[in-house]
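Contents: one structure, followed by commentary.
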Amino acid sequence: MKINLLLIFLFCFSFSRSQSVQAVDSLNIEICKALVQNKNLNNEIRLNTITNSHIIPYLKKFEDSITRQKTFELIFFRLHKNCNEFVALFPQSKVDDGWALQYEKPLENITKEQCYQLTKDSKYHYFENDGNKVEVTLSQNLWTEKFSDNSTSKLHFKQKGNCEFELEFIESDNISRKNMSIKGDKYLYKIYDEDADSYRVYLKNKETYYTFKLLKQ
C-alpha cells in the first residue's frame with residue numbers, strides 16, 4: 001500500500017513539474033519575441049520591459065513567496081536554454097577557457113580518430129561564465145558533473161559519428177541545471193578542434209553556436 005501511494009505521489013509530482021515547465025516555456029516564447037522586437041533599445045531598458053510586462057505579472061499569480069522564487073528561477077534558466085536573445089544580454093565568460101557565443105559556425109580542424117580519443121580519459125573540466133570550475137567524470141555511458149558548490153548533475157553519454165556526442169539529462173541538484181533541463185532532454189555537442197590540453201566543443205541552438213573548452217586533467 002505504501003509503495004502504491006509513493007508511486008502515485010511521484011507521478012503527480014512529475015506531472016505537476018511538466019505542466020509548470022510547459023507554462024513557463026509558453027511565457028518565455030512571448031518574452032523572447034519581445035526581446036527580438038526591441039533589440040535596438042538599450043539592454044537595461046529591454047530587461048526592464050520584459051520584467052514589468054511579462055515576468056512580474058506572471059509571478060503575481062502565486063501568493064507563496066517560495067513558489068514565486070522557484071518559478072522565477074525556472075523562468076530565468078529556461079530562458080538561458082531556449083532564448084538566444086536573452087543570453088546575449090549578459091556578459092561573456094570571465095575566463096578565456098569559458099563559454100562564448102557566436103553566430104558563425106566554428107571552423108573544424110580535427111580528425112575522427114582524434115575525436116574517438118575523448119572516451120580514453122575519464123577526467124575533464126570546463127569553466128562556467130562566472131569563472132567557476134565544473135569537474136567532469138566520464139565513465140562508460142555516464143557523464144557526471146560536479147560544481148563549485150558540490151552539487152552534481154548526471155547525464156547519459158553517447159558517442160556518435162562525425163565527432164559528435166549526445167548528453168541526455170537524468171537528474172541534478174544544481175540550481176541552474178535542474179531548472180534548465182527536464183529528464184530526457186538531449187543535447188548534441190560537436191568537437192571541432194583539439195590541442196594538447198583541451199578539446200574545443202560547440203553546441204548549436206537555432207542560429208547560435210555556444211563554444212567552450214573541455215580541458216583535460
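The values are calculated or read from the model by the stated rules, or taken from the named source; none is laboratory data. Everything numeric here is computed off the predicted structure, so don't read it as measured data. Note that each Cβ is placed from the backbone with ideal geometry, even for glycine, and that neighbours are counted across all protein chains shown. Just so you know, the surface numbers come from the protein's heavy atoms only, side chains and all, with ligands and any DNA or RNA stripped out. Shrake-Rupley method; radii C 1.70, N 1.55, O 1.52, S 1.80 Å.
Of everything in segment 200-217 that's of a type in the set (Lys, Arg) and either part of a loop (DSSP other than H, G, I, E, B) or touching an Asp or Glu at 6+ places or on another chain (Cβ under 9 Å) (or both), which residue is surrounded by the most Cβ atoms within 10 Å (Cβ to Cβ)?
Step by step, filter segment 200-217, then rank; the result is Lys213.
Yes/no per residue for (1) in a helix (DSSP H, G or I); (2) open to solvent by 80 Å² or more (accessible area, probe 1.4 Å); (3) β-branched (Val, Ile, Thr); (4) touching a Phe, Trp or Tyr at 6+ places or on another chain (Cβ under 7 Å):
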residue	(1), (2), (3), (4)
Ala23	yes, no, no, no
Leu35	yes, no, no, yes
Thr71	yes, no, yes, yes
Phe76	yes, no, no, no
Gly161 passes all but one of the listed conditions (1) closer than 18 Å to Leu79 by Cα; (2) over 16 Å from the mean Cα position of the chain (by Cα); the exception is number (1)
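Anything in segment 38-64 that is closer than 17 Å to Asn28 by Cα, polar (S, T, N, Q) and assigned to a loop (DSSP other than H, G, I, E, B)? List them, or say none. Full working, then the answer.
First pass over segment 38-64, keeping only residues closer than 17 Å to Asn28 by Cα: 38-39, 46-61.
Adding the requirement that they be polar (S, T, N, Q) leaves 38, 48-49, 51-53.
Answer for segment 38-64, where residues must be closer than 17 Å to Asn28 by Cα, polar (S, T, N, Q) and assigned to a loop (DSSP other than H, G, I, E, B): just Asn38.
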Only unsatisfied item for Asn129, checking (1) crowded, with 16+ Cβ neighbours inside 10 Å; (2) assigned to a strand (DSSP E or B), is (2)
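Restricting to segment 133-174, name every residue that is on the phi > 0 side of the Ramachandran plot and open to solvent by 80 Å² or more (accessible area, probe 1.4 Å).
Keep residues of segment 133-174 that are on the phi > 0 side of the Ramachandran plot, which gives 140, 150, 162-163.
Result: Gln140, Asn150, Asn162.
Please enumerate the residues belonging to segment 186-199 that are surrounded by 14 or more Cβ atoms within 10 Å (Cβ to Cβ) and closer than 20 Å to Val21 by Cα. Break it down stepwise before answering.
Looking only at segment 186-199, we keep the residues that are surrounded by 14 or more Cβ atoms within 10 Å (Cβ to Cβ), and these are 187, 189-194, 198-199.
Selection gives Tyr187 alone.
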